[in-house]
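First comes the structure, then the notes that go with it.
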Amino acid sequence: MHRSPMAPTPPAPVPAPSLVDTLFQRSLGDLVKFLRADPSAAGESTAVARALSEIHREIRAPDAATKATALQKLTYLSSLHFAPVASHPLAFPAIELIASPFLPHKRLAYLAASLSLHPASLSLLPLATHQLHKDLSPSTSAAASHNVSALALQLLASPAAAAAPDLAAHLAHDLLPHLSRGSPRAIAAAARVIAASPSAAVPILFKPLAACLASPDPRASTAAAAAFCELSAPPADAAPFLPLAPDLYNLLTTSRSNWALIKVLKVFGRLAPLESRLAARIVDPVCQLLARSAAMSLTFECIRTVLTALPAHDTAVCLAIGKAKEFLTAEDDPNLRYLGLLALGMLGPTYVSTVHECRDVIAQSLGDADSNIRREALHLMMGMIDRNNIMDIAGMLVSHAAKSDPEFANDILGAVLAACGHNVYELVSDFDWYVSLLTDMARSLHCAQGDEIGRQLVDVGLRVQDARPELVHSSRTLLIDPALLANHLLCPVLSAAAWVSGEYVNFTKDPVELVEALLQPRTSLLPMSVRAVYIQAVFKVITFCCNSYVERLSDSSKEVAVGLNGLSIDETVSEGRKAPLVSGDEQITVPSMMEKDPFSEKSIIHMIDLIETTVGPLFECNEVEVLERARNLIGFVHLIREVQELKESKVDDDEKHSWVKELVKNMQTVFSQEIGPVSLNAQEKVSLPVDIVLNETLAELDDIVSEDDTTPSSSILFYPRSHGSIENRNEPALSLGSSSLLSEHRKRHGLYYLPTGKTEDEPVDYPHANDPLLPASNESSLDDKSNTAQPVTGGKKLKAVKSRPKVVKLDGEDFLSSMVPSANVPKEDSLSGAVRGVLLDRDLKPSSSQKASDKAYEGIVNKMETGGSSSQWKNNVDAELVGHPTSSSRPSIQPSHEKESTNPLESDGKEVKEPKRHRRSSRGGHHQGKHKHRERHSTQPDVPQAPIIQDFLL
Amino acid sequence: MIQAVMVMSTQGKPRLLKFYSFQPPEKHQDLVRGVFQLLSARPDSVSNFIEADAIFGPGVKLVYKHLATLYFVFVFDSSENELAMLDLVQVFVETLDKCFKNVCELDVVFNFNKLHTILDEMILGGQVIETSSEQIMRSVEEIARLEKQSNTTSLIPKSISERFSR
């Protein structure tokens, strides 16, 4: 039926299509041709819009043929042209046509229904329940009925039906005759129905589905194995499927279908970790398959099963590794090489040596044309890194990054940075090497990891004292290179380099060169935030130089008179500081005099001149950070200038000398304090001022914010805070009433609290930021400090190679890294609950996932309790909550609290553990109770209990 | 399970889309675009697998075959074997080839329904139900025969005969 000339589209509201419309309706083929006539995007969208308006008219036609064609076109448009089927969903005409006795129309309608996923159509889908029921029930004409029921099963297994779980639940019974026939369609559909509404479908469908596993028809058993593989897939809990092990084992040893074997292996891979005897049972058949099978897919599945689920069986693992290596060496098939690398990645830490054996192949794979293979190879490389080979591997990887395409180069750099920086540079023992590696990375062609490199440069400077000379040296090479300034990706690195050079200026060999580098003309290309850092670094350098100059003058006090005339500074004094410098490619020519001595008056004057000419213009800058620092610097420089002018006006030398000395000394002390890493617990360590009472005003809020579950405490007492001794700080300053509120809040919003640190147990932590007791240059005190940091970092630091410099690590950092993953508590899923209800005795042990979640909870609680004062309060409060569930008994707690606070900390900790555990177990009991309740709900009395796996295994 | 089957042209135009896990319809276009970007970035003669976590969620991979002007893409999760999926793509292509006698892109463009019929004989609800291309072809032919049968019973659509009899 063609509609040869394009009739103009009639005006919008046309109630029903005319006879002409019906006769000359465009078929789907016509529509496709029409859409292809104008392939441009605009042409296509107008064509789609026009076709849609046409369809909306036709679909209301009273006769089925017109409607069916319209529905077909609409399905096509919504599926492949993403036509918005908003107000007029596919569902209604589709559901109408599902009832058609005419097979082609029925097919179209079912296809439309299974493809349509619009929310509006989903809500209409239950209207089709009755028709589906009819189509699923067997009728007389075998062939047609088979076809029709196939269509119905198709719809039942579609995601549209999964989104309407009621539909699946109502039709579960209709699947039974098909399941008993062993129809693969019905088996696949049953799996979907069970997944969509476990509670309703499991009691009806699970047993027949399990029976299909033992079916003599290989098609049925294959489909059933696939169905259970699907149902046991994570995140579902595989434990309820353990009783199926005998049937699966039977399939494993007898089936000759690779599809079935693959699925059975997958299920066993999930079951084996749950039941220890299972692994020993399946290892032989799996090895036989591995040795015998010619199909690569099955071989790979065997390798995966052995490596992930049977790691304790050495012979099997060796066999699997041998096969995996065969995969690796398949030159002509990148798929096998990729899978071979994947297999190596599954090897546990016990077989690291095997991975090492393949290092050449892996390194070669880094240069593969295939990004998958490269990425897997990188992953394996990172897995190989340990303390001994990190220099080798990281160096190789960084040089490889230079040869790779930008994306992969950054993957490599990111991976190296993450591996080396892991757990406060745990693996790095030679920091000189690491610092130069960081600069190499920054100079790498496609480097986009500037932020992390910059962060680590500063971090290493703060934490590793021994690395500072090399750090300053490497920073110099970055700073003097004018080419780097134009690369905006490197700004964070340059910023870090400038900061490091300024902060540790005492390691600089040539401050003059440094100042020139920091003030070179191309710095104008830098963003303002980085320029601010540059200027501040110049400030530090000039202060340092002046200070050295002044110190030297006072050392050779005899020469004070000549001092400020300066040109004849004692050569012997300056000898020690003088550097055999490499004057590279700086643009400003340095007078030969200054190359010899950076602390001579002349070089200082040179620097001052330079500063005035280059920083002076920044007074016009509209960025406050830069402006402020420029003003500071210029102000300081002017003071120095004045001294010089005084000299010319022949003021008394002594006075002049002492003045400048005082000025410079003052300035130097400003910068001389050591900056260290700041602990997460730093805030806790800040002692409260004596006269501050934090809760004073909050008390008035108390009756406003009172919650229904906690009675507002009528008597909140405030102890005045006393200071000066650690013991006093341990004592809770608040009454229990408010501290229980506090801990309650802490429990609920623990995320937002700072972790409780070991502040009082280990007072000798890393020095607080800006601790006045620790001047920067004092070597011995720094050593002392690093030693005291040792116990905090734990025993593993002691095992480190002796030459490894001290790396400062704070207690909070360990806590944070271990806290994050454990917070991920797995939750019980409804499917496994329902399945377990059918298969297992109610009184059986709680599921593993439940145990896991309990364990995780315990882990969190233990983490929260790592000593410290506030956790002590929490324990007290917990004890109180168990003993006195009602808050009305609160006043009676007061004496016991006072008694406890006099106890020493250790015994206190033990004492409160008991009620804590009790409380946790009572919580677990509650869980179980709830769980049982659900099981009871889903279990039907007529379902017989399945044999339990233990019998089979023994 | 198999999460989706896609056939798209080397221009990025979808030719067949079937999702077995729920994906909101307004996202379909983005998914197709995302997959196409991954595919078009890959040179020839590299492995056929792509990790597609970024598009479909964790653990999801896709396997593809590039034949003439078409990409055949199967999206699957950890319950499927990579090489088995690759074989399945091969089965699908073979079946198309048999059904259309040297399949080309135009066959795929103009046979929307038949393509779905073939696919539905092979995969149901994300589970593989048939892996033999002969068997699939037989079923598809049987369906065509049945449809023709019911077609001959009423050559003229009922509605038109009704209209004329009125």
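The values are calculated or read from the model by the stated rules, or taken from the named source; none is laboratory data. Here the structure is a predicted model, which is why all the values come from computation and not from measurement. Using ideal geometry, Cβ is built from the backbone for each residue, glycine included, and neighbour counts are taken over all protein chains shown. Keep in mind that these areas ignore ligands, DNA and RNA; they rest on the heavy atoms of the full protein, side chains included. Shrake-Rupley method; radii C 1.70, N 1.55, O 1.52, S 1.80 Å.
Scanning region A:208-237 for residues that are out of contact with any Gly (no Cβ under 9 Å at 6 or more places or on another chain) and surrounded by 22 or more Cβ atoms within 10 Å (Cβ to Cβ) turns up A:209, A:213, A:222, A:225, A:226, A:227, A:228, A:229, A:231, A:232.
Go through the residues of region A:271-279 one by one and say whether even a single one is within 13 Å of chain B (Cβ to nearest Cβ) and open to solvent by 30 Å² or more (accessible area, probe 1.4 Å). Taking every residue of region A:271-279 in turn, none turns out to be within 13 Å of chain B (Cβ to nearest Cβ) and open to solvent by 30 Å² or more (accessible area, probe 1.4 Å). On inspection, residue A:373 qualifies as touching a Phe, Trp or Tyr at 6+ places or on another chain (Cβ under 6 Å) and either in contact (Cβ under 8 Å) with a residue 24 or more places away in the chain or assigned to a helix (DSSP H, G or I) (or both).
Quick grid of which residues meet (1) closer than 30 Å to residue A:677 by Cα; (2) of a type in the set (A, V, I, L, M, F, W, C); (3) at pLDDT 85 or above:
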| residue | (1), (2), (3) |
| --- | --- |
| A:525 | no, yes, yes |
| A:533 | yes, yes, yes |
| A:555 | no, no, no |
| A:595 | no, no, no |
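The helices (runs of 4 or more DSSP H) falling completely within region A:404-496 that include 1 or more residues that are over 23 Å from residue A:516 (Cβ atoms) map to A:406-425, A:431-443, A:450-463. Annotation: residue A:264 fulfils all but one of (1) under 18 Å from residue A:191 (Cα atoms); (2) more than 14 Å from every other protein chain (Cβ to nearest Cβ); (3) buried (at least 23 other Cβ atoms within 10 Å of the Cβ); (4) among the aliphatic types (A, V, I, L, M); the unmet one is (2). The single residue among A:448, A:418 that is out of contact with any Cys (no Cβ under 7 Å at 6 or more places or on another chain) and modelled with pLDDT of 90 or more turns out to be A:418.
Taking region B:23-39, which residues are surrounded by fewer than 17 Cβ atoms within 10 Å (Cβ to Cβ) and touching a strand residue (DSSP E or B) at 6+ places or on another chain (Cβ under 9 Å)? Reasoning before the result, please.
Start the filter on region B:23-39 by keeping residues that are surrounded by fewer than 17 Cβ atoms within 10 Å (Cβ to Cβ), which leaves B:24, B:26-27, B:29-30, B:33-34, B:37.
B:29 - this is the single residue of region B:23-39 that is surrounded by fewer than 17 Cβ atoms within 10 Å (Cβ to Cβ) and touching a strand residue (DSSP E or B) at 6+ places or on another chain (Cβ under 9 Å).
Among the residues of region A:366-407, those identified as more than 29 Å from residue A:804 (Cα to Cα), within 14 Å of chain B (Cβ to nearest Cβ), open to solvent by 10 Å² or more (accessible area, probe 1.4 Å) and of a type outside the set (D, E, K, R) are A:367, A:369, A:371, A:406. Hey, does region B:34-51 have a residue that's at the interface with another protein chain (Cβ under 10 Å from one of its Cβ atoms), closer than 29 Å to residue A:112 by Cβ and in contact (Cβ under 8 Å) with a residue 12 or more places away in the chain? Checked region B:34-51: no residue is at the interface with another protein chain (Cβ under 10 Å from one of its Cβ atoms), closer than 29 Å to residue A:112 by Cβ and in contact (Cβ under 8 Å) with a residue 12 or more places away in the chain.
If you filter region B:83-104 down to residues that are within 12 Å of another protein chain (Cβ to nearest Cβ) and open to solvent by 40 Å² or more (accessible area, probe 1.4 Å), you find that the one that is nearest to the chain's Cα centre (by Cα) is B:90.
Filtering region A:82-108 to residues that are modelled with pLDDT of 80 or more, within 12 Å of chain B (Cβ to nearest Cβ) and within 21 Å of residue A:168 (Cβ to Cβ) leaves only A:106.
Which ones in region B:124-141 are more than 7 Å from chain A (Cβ to nearest Cβ), crowded, with 24+ Cβ neighbours inside 10 Å and in a loop (DSSP other than H, G, I, E, B)? The one that is more than 7 Å from chain A (Cβ to nearest Cβ), crowded, with 24+ Cβ neighbours inside 10 Å and in a loop (DSSP other than H, G, I, E, B): B:126. Can residue B:110 be described as within 14 Å of chain A (Cβ to nearest Cβ), touching a helix residue (DSSP H, G or I) at 6+ places or on another chain (Cβ under 9 Å), closer than 16 Å to residue B:16 by Cβ and surrounded by 17 or more Cβ atoms within 10 Å (Cβ to Cβ)? Considered against the rule, which asks whether it is within 14 Å of chain A (Cβ to nearest Cβ), touching a helix residue (DSSP H, G or I) at 6+ places or on another chain (Cβ under 9 Å), closer than 16 Å to residue B:16 by Cβ and surrounded by 17 or more Cβ atoms within 10 Å (Cβ to Cβ), residue B:110 comes out as no.
Every residue, every condition in (1) at the interface with chain B (Cβ under 9 Å from one of its Cβ atoms); (2) part of a helix (DSSP H, G or I); (3) closer than 24 Å to residue A:301 by Cβ, yes or no:
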{"residue": "A:153", "(1), (2), (3)": "yes, yes, no"}
{"residue": "A:205", "(1), (2), (3)": "no, yes, no"}
{"residue": "A:221", "(1), (2), (3)": "no, yes, yes"}
{"residue": "A:227", "(1), (2), (3)": "yes, yes, yes"}
{"residue": "A:248", "(1), (2), (3)": "no, yes, yes"}
{"residue": "A:251", "(1), (2), (3)": "no, yes, yes"}
{"residue": "A:260", "(1), (2), (3)": "no, yes, yes"}
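Applying the criterion of being within 12 Å of another protein chain (Cβ to nearest Cβ) and part of a helix (DSSP H, G or I) to the residues of region A:33-57, the residue that is surrounded by the most Cβ atoms within 10 Å (Cβ to Cβ) is A:35.
Going by the structure shown, is residue A:196 in contact (Cβ under 8 Å) with a residue 24 or more places away in the chain, over 29 Å from residue A:279 (Cα atoms) and more than 14 Å from chain B (Cβ to nearest Cβ)? Before you say what the answer is, go through the steps one by one.
Values: in contact (Cβ under 8 Å) with a residue 24 or more places away in the chain: yes; over 29 Å from residue A:279 (Cα atoms): yes; more than 14 Å from chain B (Cβ to nearest Cβ): no.
No, not satisfied.
Residue B:55 meets all of the listed conditions (1) open to solvent by less than 10 Å² (accessible area, probe 1.4 Å); (2) over 23 Å from residue A:295 (Cβ atoms); (3) touching a Leu at 6+ places or on another chain (Cβ under 9 Å) but one, namely (1).
Take residue A:165 and tell me if it is within 37 Å of the chain's Cα centre (by Cα), free of Cβ contacts under 8 Å to residues at least 60 places away in the same chain and more than 11 Å from every other protein chain (Cβ to nearest Cβ). Spelling it out, residue A:165 is indeed within 37 Å of the chain's Cα centre (by Cα), free of Cβ contacts under 8 Å to residues at least 60 places away in the same chain and more than 11 Å from every other protein chain (Cβ to nearest Cβ).
Of the residues making up region A:281-290, none is within 22 Å of residue A:382 (Cβ to Cβ) and in a helix (DSSP H, G or I). The residue that is modelled with the highest pLDDT, counting only those in region A:185-207 that are open to solvent by less than 10 Å² (accessible area, probe 1.4 Å) and of a type in the set (Val, Ile, Thr), is A:187. Which condition breaks for residue A:241 when tested against (1) under 30 Å from residue A:315 (Cα atoms); (2) assigned to a loop (DSSP other than H, G, I, E, B)? The single condition residue A:241 does not satisfy is (2).
Looking at A:319, A:341, A:336, which one is within 25 Å of the chain's Cα centre (by Cα), in a helix (DSSP H, G or I) and crowded, with 16+ Cβ neighbours inside 10 Å?
Working: A:319 fails: within 25 Å of the chain's Cα centre (by Cα); A:336 fails: within 25 Å of the chain's Cα centre (by Cα).
Exactly one residue qualifies, and that residue is A:341.
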